[in-house]
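K.L.:
Just dropping this structure here.
The values are calculated or read from the model by the stated rules, or taken from the named source; none is laboratory data. All values reported here derive from a predicted model rather than from experimental measurement. Neighbour counts run over all protein chains shown; Cβ positions are idealised from the backbone, glycine included.
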Amino acid sequence: MSRLSDVIARLEAVIESRKGGDPTQSWTAKLLADPDLAGRKLIEEASEAVEAAQSGDGDHLAAEAADVLYHLLALLAAAGVSPDEVAAKLEAREGRSGIEEKSSRS
């Protein structure tokens, strides 16, 4: 297992533990209680990650990518979609070119 997958597994557990928590006391609980907010934050963080990549600042990009991953996991949890469901979608696409896979969605 990679370091990233270890960290994501721990983050998933923290997010899960915040379900039903007090949104005034926990940012994660606030995101879980409001999928629209979680979605808006994901868009904001993704935009910031693109800007960091364009600036060529790798450390800034790593920080923004961390924010993207966190907000994506929170949005998935808020929407009731498990990371395993995402993994299944990725596994189904393995071995196919991105162009082929995108064409099949039309």
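K.L.:
Take ALA29 and decide whether it is at pLDDT 95 or above, of a type in the set (Gly, Ala, Ser) and closer than 21 Å to ARG10 by Cβ. Full working, then the answer.
P.N.:
Working: at pLDDT 95 or above: yes; of a type in the set (Gly, Ala, Ser): yes; closer than 21 Å to ARG10 by Cβ: yes.
Yes.
K.L.:
If we scan segment 79-99, do we find a residue that is among the aliphatic types (A, V, I, L, M), buried (at least 17 other Cβ atoms within 10 Å of the Cβ) and in contact (Cβ under 8 Å) with a residue 12 or more places away in the chain?
P.N.:
no
K.L.:
Also: Does segment 58-72 contain at least one residue that is over 19 Å from VAL7 (Cα atoms) and hydroxyl-bearing (Ser, Thr, Tyr)? First the steps, then the outcome.
P.N.:
Quick first cut of segment 58-72, residues over 19 Å from VAL7 (Cα atoms) only: 58.
If we keep only those that are hydroxyl-bearing (Ser, Thr, Tyr) as well, we get none.
No, there is no match, as no residue in segment 58-72 is over 19 Å from VAL7 (Cα atoms) and hydroxyl-bearing (Ser, Thr, Tyr).
K.L.:
Next question. Would a scan of segment 47-62 turn up a residue that is in contact with a Ser or Thr (Cβ under 9 Å, 6 or more places away or on another chain), free of Cβ contacts under 8 Å to residues at least 60 places away in the same chain and surrounded by 17 or more Cβ atoms within 10 Å (Cβ to Cβ)? Talk me through it step by step, then tell me what you get.
P.N.:
The first filter runs over segment 47-62 and keeps only residues in contact with a Ser or Thr (Cβ under 9 Å, 6 or more places away or on another chain), leaving 61.
From what's left, free of Cβ contacts under 8 Å to residues at least 60 places away in the same chain: 61.
Okay, now just the ones that are also surrounded by 17 or more Cβ atoms within 10 Å (Cβ to Cβ), so 61.
Looking through segment 47-62, at least one residue is in contact with a Ser or Thr (Cβ under 9 Å, 6 or more places away or on another chain), free of Cβ contacts under 8 Å to residues at least 60 places away in the same chain and surrounded by 17 or more Cβ atoms within 10 Å (Cβ to Cβ).
K.L.:
Report, by residue number, each residue of segment 1-46 that is within 14 Å of the chain's Cα centre (by Cα), exposed (fewer than 14 other Cβ atoms within 10 Å of the Cβ) and polar (S, T, N, Q).
P.N.:
SER5, the sole residue that qualifies.
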